[in-house]
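Structure, as structure tokens:
The values are calculated or read from the model by the stated rules, or taken from the named source; none is laboratory data. In this text, all values refer to a predicted model and were calculated from it rather than measured experimentally. Every residue, glycine as well, gets a Cβ built from its backbone with ideal geometry; the counts of neighbours run over all protein chains shown.
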Amino acid sequence: MRDHSIFAGLSLDDLSTLNIQVRDITVPAGHTLYLEGDHARHAYTLRHGAVKLVKTLADGRSQIVRLLGHGDLLGFAGMVETQYPYTAISLTETQLCQLNLADLIAAALRLPHIYQAISQRWFTALRQAENRIVELGAKKAEERLATFLCQWCNTYPTNSDVPFPLTRQDMGEFLGLSTEHVSRMMAAFKRHHLITEHKNLLHIPDREKLIHHACTTGAC
């Protein structure tokens with residue numbers, strides 16, 4: 001994981017002086033790593049599995065703001081805020097590196113590489129969030145769902161069966177759609193043989209065909 005982590009680019013001498021408390025942990029599906037508003041004590045690098053970050057709205061509803069996979073960071077907002085802004089929940093059995101935030105902050109003050117790496121990762125996450133906001137506003141529901149499914153699969157080889165632990169409710173919360181609407185569209189995609197699902201695995205035979213089928217604006 002080192003080459004994909006915030007410590008990429010540091011020398012062995014730098015690594016030997018970090019003095020950061022790190023634990024390898026494994027949590028089951030549905031485990032809450034931390035709650036929105038909890039005092040921020042740890043940050044995590046996701047090694048294997050999937051995690052959702054959830055924001056509770058004023059009316060009590062929840063909204064998934066990010067879906068995280070291999071190599072992603074979470075909890076690092078604790079470097080600048082005293083409380084976690086989101087709730088983090090594992091979607092599958094998940095393996096993570098848990099880092100003590102106080103140690104990490106001290107190391108970042110000594111080694112600018114760490115601060116720069118974290119800043120770059122957060123900048124990338126911000127851009128992804130901005131792009132999703134644009135898509136939510138500009139695309140119709142079918143386009144939104146098809147784009148999301150293809151993006152989820154893009155980190156896996158083409159034509160492979162992809163782990164897909166998301167429920168219809170998860171997808172709805174992430175895309176700003178009702179659970180029922182997502183269920184109807186997924187069923188329609190299956191009827192047209194654009195996707196298949198089996199035991200939490202998703203398969204898209206032709207991703208371009210799926211996007212073309214869903215495109216209703218002519219701008220896909």
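Going by what's in this entry, would A77 be described as closer than 22 Å to A117 by Cβ, in contact (Cβ under 8 Å) with a residue 12 or more places away in the chain, hydrophobic (A, V, I, L, M, F, W, C) and touching a Pro at 6+ places or on another chain (Cβ under 9 Å)? Taking the combined requirement at face value, the residue satisfies it.
Let's see how each residue does on (1) under 16 Å from the mean Cα position of the chain (by Cα); (2) at pLDDT 90 or above:
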position: L74; (1), (2): yes, yes
position: S90; (1), (2): yes, yes
position: E93; (1), (2): yes, yes
position: L104; (1), (2): no, no
position: L136; (1), (2): no, no
position: K139; (1), (2): no, no
position: N154; (1), (2): yes, no
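Among the conditions (1) closer than 19 Å to C215 by Cα; (2) out of contact with any Lys or Arg (no Cβ under 9 Å at 6 or more places or on another chain), N154 misses just one, which is (2). Restricted to strands (runs of 3 or more DSSP E) entirely inside segment 59-106, those with at least 1 residues that are surrounded by 17 or more Cβ atoms within 10 Å (Cβ to Cβ), among the basic types (K, R) and not assigned by TED's automatic domain parsing to the domain that holds T167 are 62-68. I'd like the full set of residues that are part of a helix (DSSP H, G or I), of a type in the set (V, I, T) and surrounded by fewer than 17 Cβ atoms within 10 Å (Cβ to Cβ), limited to segment 156-189. Residue satisfying the conditions is T179 alone. Figure legend. Inter-residue proximity from segment 24-50: first residues closer than 16 Å to Y84 by Cβ and basic (K, R), second residues outside any loop (DSSP other than H, G, I, E, B) and at pLDDT 95 or above, beta-carbon distance below 9 Å, spacing 6+ or different chains. Indicated pairs: R41/Y34.
Residues of segment 80-98 that are under 24 Å from H70 (Cβ atoms) and either in contact with a helix residue (DSSP H, G or I) (Cβ under 9 Å, 6 or more places away or on another chain) or among the small types (G, A, S) (or both): Y84, P85, Y86, A88, S90, L91.
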